[in-house]
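First the structure, in the form of structure tokens, and then the observations on it.
The values are calculated or read from the model by the stated rules, or taken from the named source; none is laboratory data. Treat the numbers as computed from the prediction; the structure is a model and nothing was measured. Don't worry about glycine lacking a Cβ; one is built from the backbone with ideal geometry, like all the others, and counts go over all protein chains shown.
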Amino acid sequence: MRKTLIREAEISLESYLSAYSKMVDAELKKLFVRHAEEPASILKAMSYSIFAGGKRLRPILVLAAHECCGGKAKDALKTAAALEMIHTYSLIHDDLPAMDDDDLRRGRLTNHKVFGEALAILAGDGLLTYAFEVAAQNSAEMGLDGKRASALIQAIACGAGSSGMVGGQVADLEAEDWQNKNHGFNPKRHLEYIHLHKTASLIMASLEAGGILARASESRLKALSDYGRSLGLAFQIADDVLDAVGDKKKMGKMGSDAANHKLTYVSLYGVEKARQMARTEAEKAKAALGVFSAQQNQWLKRIADYTIERDK
């Protein structure tokens with residue numbers, strides 16, 4: 001039986017997530033050492049948000065997908081860190097006054113509240129670009145051929161860019177005050193687009209990246225992508241519910257969807273229907289993993305359940 005960094009078959013999901021989160025944090029600390037030519041202020045602003053805590057879901061998905069496809073988690077740590085950098089950059093920019101105008105993130109003042117808007121924007125830019133540098137390093141270290149190395153960078157770029165997360169953010173902004181839109185506006189279709197792109201796209205990219213680094217077959221990459229699509233929807237629908245009824249102290253943020261008149265699954269369908277829809281997507285995510293054995297896909301399946309059971 002192949003050894004992994006998590007050796008106990010019956011270990012709790014909480015222990016698994018904690019162990020892999022610590023691995024990611026250790027890798028990030030190695031990567032965030034100041035270079036002589038780098039202004040201390042930008043590293044401080046980038047570090048403030050990257051080390052502010054959080055679930056580390058996307059990097060953990062990179063590692064879990066990599067192992068699911070036969071790789072060793074430690075070999076994918078740089079790409080896992082890269083996905084966390086991209087996620088963190090999006091949060092810094094999402095909190096800006098021009099976007100959601102939030103004061104708290106993960107129980108701390110948001111980046112722009114500490115460093116000012118200009119440096120917060122640049123911190124986000126720095127994280128985004130550093131992510132691709134680190135992912136490219138990982139592909140070289142793993143000895144990926146040109147086709148696979150290109151596929152890795154393309155998967156991450158598509159998940160993060162205007163056809164992915166950025167496009168979803170734009171659609172989210174355009175849906176504000178959605179109840180007063182003209183009759184040509186389809187809230188159900190628009191809402192699904194937002195969640196598929198704003199959240200699911202980067203989650204899909206995380207899973208695909210882990211698979212690509214493990215040199216997975218096309219059928220396995222497709223399964224990981226399908227899993228990520230439904231997992232991302234389940235995760236964001238659950239976030240909509242938590243924003244409406246969750247414990248704000250546990251969440252570390254105030255919840256601004258209602259105040260900003262956001263189009264969400266809760267505002268459109270109500271809390272109970274949204275919860276049901278999240279459960280349905282979680283089951284679809286698990287069903288997509290049929291090409292893997294039960295031993296291979298166990299952690300990804302358990303993560304699917306976790307996304308809709310969490311309280312923060």
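Summed over segment 37-83, residues that are touching a Lys or Arg at 6+ places or on another chain (Cβ under 6 Å) and buried (at least 24 other Cβ atoms within 10 Å of the Cβ) total 1. Based on this model, can you work out whether L83 counts as under 25 Å from V170 (Cβ atoms), in contact (Cβ under 8 Å) with a residue 12 or more places away in the chain, part of a helix (DSSP H, G or I) and in contact with a Pro (Cβ under 7 Å, 6 or more places away or on another chain)? Yes; evaluated as a whole, the condition is true for this residue.
If we scan segment 55-77, do we find a residue that is modelled with pLDDT of 95 or more and either over 23 Å from A205 (Cβ atoms) or of a type in the set (F, W, Y) (or both)?
no
Among the residues of segment 25-52, those that are touching a helix residue (DSSP H, G or I) at 6+ places or on another chain (Cβ under 6 Å) and either assigned to a loop (DSSP other than H, G, I, E, B) or at pLDDT below 95 (or both) comprise F32, R34.
Pick from L268, L263, L242: which is in a loop (DSSP other than H, G, I, E, B) and at pLDDT 90 or above? Unique residue meeting the criteria: L263. Of the residues that make up segment 202-218, is at least one over 22 Å from K78 (Cα atoms), surrounded by fewer than 23 Cβ atoms within 10 Å (Cβ to Cβ) and more than 16 Å from the chain's Cα centre (by Cα)? Yes, segment 202-218 has at least one match.
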